[in-house]
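Here's the structure we're looking at; comments come further down.
The values are calculated or read from the model by the stated rules, or taken from the named source; none is laboratory data. Small disclaimer: the values here were computed from a predicted structure and weren't measured. When we count neighbours, we look across all protein chains shown, and the Cβ atoms used for this are built from the backbone with ideal geometry, even at glycine.
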Amino acid sequence: MGSEPDEGVTRPTNVTETLVAAGGIVPDAFLASPTARLGWSADLAVTELYSLHYRALVRLAALLVRDTQTAEEVVQDSFVAMHGGWQRLRDAEKALAYLRQAVVNRSRSVLRHRTVVDKNMQKAPPDMPSAEHGALVLLERHAVVAALRDLPDRQREAIVLRYYADLSEAEIAAAMKISRGAVKSHTARGISSLRAALEQE
Amino acid sequence: MAGTGHGPEGIPARGRDFAEFVRHALQAAADQVEPRADGLVPIRARILAGSGIPWPQAFAISLNWIHDA
C-alpha cells in the first residue's frame, strides 16, 4: 500500500483469472493492453483497500446515515466509483481520500433523500419496525449519536470525521471539500451544540 | 452512557474531557456496527457488470472468486 502500482506487471488478477476460467471471455489481447494493466491495478486497489478500510468506512457511514445496510450500500457505491476513477487516482493514499470523500457525499445525499421521503410518509400509519429502524435504535442508544442526528450536516460530518475517524483538519477538509478554517468552525460549533443537547437531557 | 462525572448525567462539562467523551461514545456506537462479510461480492459484481458482463454472470463470478480466494 502507499506506492504506485506496478504497471509493467501483466499477471492477471484473481478476477481476470476467474473470468478466463469461466469461459475465456477476456481475450488475450485485452490482457496485454494498457487498459488491462490499468484494470489490474484498479482491481488490486479495490481488494486491498476493501480489506484494510471497508469496516471502518461502513462504521463511519453508519454514524452519518444511522443504519448499517444503507451504510454498506454507500461504501460499496464509493468503491465502485473509486474503481472507475482509478486512472486518475493511481495511488492508495489518494484512493483512500477519494473513498472518504465519496462516503461523505453519498451519506449526505442519502440523508437529503430520506428527508424528502419522510416528509411524504408523514401521514402513513406506524408499521412494524423495519430492519433499518432496528439498526437505528441500536445506534441511538448512545446519547451522543442521538444528539448528532439533530446537528446540521456539516457539523455532524466534521464531528464524526474528527472524533470517530480521527482525521486531521487537512484530511477532514479534503473529505468535506471545504477549507481548514471551515472545518475548525464546524467542529467547534458541533461540539458546542452536542454539549448543549446532552446537558438538556 | 459512560462519562467522567463532571456534569449532568456524567457528561464532562467542557474542553478536552468533553471531546474525549464524544470520541469514546462514537467509538462505542461504531463498534456495534458489523458489516456483512461478503461486501466485496456486490462491489466486484457491479464493477464487472459495468464492463458489460450481464449482471447474473457478474454476480456468480464475483461470488466464486471470493469463495475461492
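Selection of region A:99-121 for residues being aliphatic (A, V, I, L, M) and farther than 25 Å from A:Gly85 by Cα yields A:Val116, A:Val117, A:Met121.
Could you run through region A:59-75 and say how many residues are under 11 Å from A:Leu99 (Cβ atoms) and either at the interface with another protein chain (Cβ under 8 Å from one of its Cβ atoms) or touching a Gly at 6+ places or on another chain (Cβ under 6 Å) (or both)?
Quick first cut of region A:59-75, residues under 11 Å from A:Leu99 (Cβ atoms) only: A:60-61, A:74-75.
Filter once more, so that each one left must be either at the interface with another protein chain (Cβ under 8 Å from one of its Cβ atoms) or touching a Gly at 6+ places or on another chain (Cβ under 6 Å) (or both): A:60, A:75.
Final tally of qualifying residues: 2.
Which of the residues that make up region A:168-178 are under 22 Å from A:Arg66 (Cα atoms) and over 15 Å from the mean Cα position of the chain (by Cα)? The answer is none; no residue qualifies.
A quick yes/no check of all residues on (1) away from chain B (no Cβ under 14 Å); (2) within 20 Å of the chain's Cα centre (by Cα):
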residue	(1), (2)
A:Asp153	yes, yes
A:Asp166	no, yes
A:Arg180	yes, no
A:Gly190	no, no
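Consider region A:37-53 and keep the residues that are surrounded by 22 or more Cβ atoms within 10 Å (Cβ to Cβ) and at the interface with chain B (Cβ under 10 Å from one of its Cβ atoms). The one that is farthest from A:Tyr164 (Cα to Cα) is A:Gly39.
Tell me whether region B:9-23 contains one or more residues that are more than 7 Å from every other protein chain (Cβ to nearest Cβ), at pLDDT 75 or above and either over 15 Å from A:Leu198 (Cα atoms) or part of a loop (DSSP other than H, G, I, E, B) (or both). Walk me through it before giving the result.
Going residue by residue through region B:9-23, those that are more than 7 Å from every other protein chain (Cβ to nearest Cβ) are B:10, B:12-17, B:20-21.
Add one more test, that the residue is at pLDDT 75 or above, and what stays is B:16-17, B:20-21.
Pick out the ones that are also either over 15 Å from A:Leu198 (Cα atoms) or part of a loop (DSSP other than H, G, I, E, B) (or both) and you get B:16.
The answer is yes; a qualifying residue exists.
Just name the residue that is nearest to the other protein chains (Cβ to nearest Cβ) out of those in region B:40-62 that are in a loop (DSSP other than H, G, I, E, B) and either surrounded by 20 or more Cβ atoms within 10 Å (Cβ to Cβ) or of a type outside the set (Gly, Ala, Ser) (or both). It comes out as B:Ile53.
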